[in-house]
Amino acid sequence: MPMRLEGSCRCGGVRFAVASHTPAPYQLCYCSICRKQQGGGGFAINLGAMAHTLEVQGRDGTGVYHAQIEDDEHPHCRTSTGERTFCRGCGSALWLYDPTWPELIHPFASAIDSNLPKPHARVHLMLKYKASWVEPEIRESDQSFDLYPDLSIADWHKKHGMWVD
């Protein structure tokens with residue numbers, strides 16, 4: 001049975017739950033969108049979950065942000081299809097949903113109240129876009145990528161024995 005992840009915003013106006021086969025907070029993203037929206041340490045951690053299981057209390061208190069993307073890979077500014085949901089009361093980032101992959105939702109680990117499994121290794125991604133003041137703590141068991149990792153969130157969990165059936 002997938003792990004039930006329960007989360008909330010800082011002010012408590014929004015609470016949510018979602019089921020996840022991939023609950024390990026292993027993937028640290030240093031892109032400017034993630035770190036500026038919710039990454040106080042210079043990165044953000046997104047989890048994977050099944051979109052159809054999302055339950056929300058206080059949905060009226062949420063807003064959606066669509067990032068503008070313009071970088072070395074996207075020289076012409078475009079609006080992301082990703083819908084980054086946040087609490088309008090306190091600003092907490094809650095989850096990311098992208099209709100390009102309608103079966104998935106990505107709750108932000110920072111919004112999860114449930115105890116998450118501790119990953120054996122971490123993946124640092126989008127290091128090309130990290131802030132100049134950030135010094136990633138890359139352990140021997142970690143992997144790092146200028147852009148994206150080789151494995152999907154699901155494949156990483158399966159490879160590392162952290163997939164929850």
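Here are a few things to note about the model shown:
- Within segment 58-73, the set of residues being closer than 17 Å to Cys11 by Cα and either in a strand (DSSP E or B) or acidic (Asp, Glu) (or both) comprises Asp60, Thr62, Gly63.
- Criterion applied to Gly42, Gly63, Gly89, Gly58 was being of a type outside the set (A, V, I, L, M) and over 23 Å from Val18 (Cα atoms), and the one residue passing it is Gly42.
- Test: residue in segment 148-158 that is aliphatic (A, V, I, L, M), more than 16 Å from the chain's Cα centre (by Cα) and exposed (fewer than 15 other Cβ atoms within 10 Å of the Cβ): no
- Options Leu96, Leu5, Leu28: the member that is within 14 Å of the chain's Cα centre (by Cα), part of a strand (DSSP E or B) and under 19 Å from Lys130 (Cα atoms): Leu28
- Within segment 8-25, being surrounded by fewer than 21 Cβ atoms within 10 Å (Cβ to Cβ) and in a strand (DSSP E or B) holds for Ser8, Arg15, Ala17, Ala19.
Yes/no per residue for (1) basic (Lys, Arg); (2) at pLDDT 95 or above:
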residue: Pro119; (1), (2): no, yes
residue: Arg122; (1), (2): yes, yes
residue: Trp133; (1), (2): no, no
residue: Glu137; (1), (2): no, no
residue: Asp142; (1), (2): no, yes
residue: His157; (1), (2): no, yes
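- Glu55 being at pLDDT 95 or above, in contact with a strand residue (DSSP E or B) (Cβ under 6 Å, 6 or more places away or on another chain) and exposed (fewer than 13 other Cβ atoms within 10 Å of the Cβ): yes
The values are calculated or read from the model by the stated rules, or taken from the named source; none is laboratory data. The model shown is predicted, which means the values in this text are computed figures rather than measured ones. Ideal geometry is used to build each Cβ from the backbone, glycine not excepted, and the neighbour counts take in all protein chains shown.
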